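Comments concern the structure below.
The values are calculated or read from the model by the stated rules, or taken from the named source; none is laboratory data. Everything numeric in this text was worked out from a predicted model, so none of it was measured. As a convention, Cβ positions derive from the backbone with ideal geometry for all residues, glycine included, and neighbour counts pool all protein chains shown. Just the protein is used for accessible areas: all its heavy atoms, side chains included, with ligands, DNA and RNA removed. Shrake-Rupley method; radii C 1.70, N 1.55, O 1.52, S 1.80 Å.
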Amino acid sequence: KELEFDCVDGVAAAKGWREAIQAGLRNLVENALRVTPAGGTVRVIAGPGACLRVRDGGNGLTSEQLDTLIHRHARAENASRSGAGLGLAIVDQIMRAHGGVLATSPEHRELRLEFPDPVCGSEHPESA
């Protein structure tokens, strides 16, 4: 499996607690690596705006599936057996604490950390 990093035009800074944001992003990357088949690629993309996206080779999550998985102890079919089912619940709480959202784009097989726009002060981009 490969891990790629990319940055698109129009990236904005996100203000917040660095360690919490790192933990949220790490969780998404670890999950993405788990669902991506051998030889596949996980891409971490910064932007557009104050957004971090993680794309993987899995099936993608619908909004309904994500809504289920952000509850404590909820587990996906391919979840790690050693985990407690708290990962996406914690990521969701981190994003709420930063005024942002954890969103999904199943057609792109990606999860997004969408932060408020620090320049405009908007709440967050519309999520899928």
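Okay, residues lined up against (1) out of contact with any helix residue (DSSP H, G or I) (no Cβ under 6 Å at 6 or more places or on another chain); (2) on the phi < 0 side of the Ramachandran plot:
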{"site": "L3", "(1), (2)": "yes, yes"}
{"site": "D6", "(1), (2)": "yes, yes"}
{"site": "G10", "(1), (2)": "yes, no"}
{"site": "E19", "(1), (2)": "yes, yes"}
{"site": "N27", "(1), (2)": "no, yes"}
{"site": "L33", "(1), (2)": "yes, yes"}
{"site": "P37", "(1), (2)": "yes, yes"}
Within the stretch 3-49, how many residues are under 16 Å from E110 (Cα atoms), open to solvent by 80 Å² or more (accessible area, probe 1.4 Å) and among the charged types (D, E, K, R)? 3
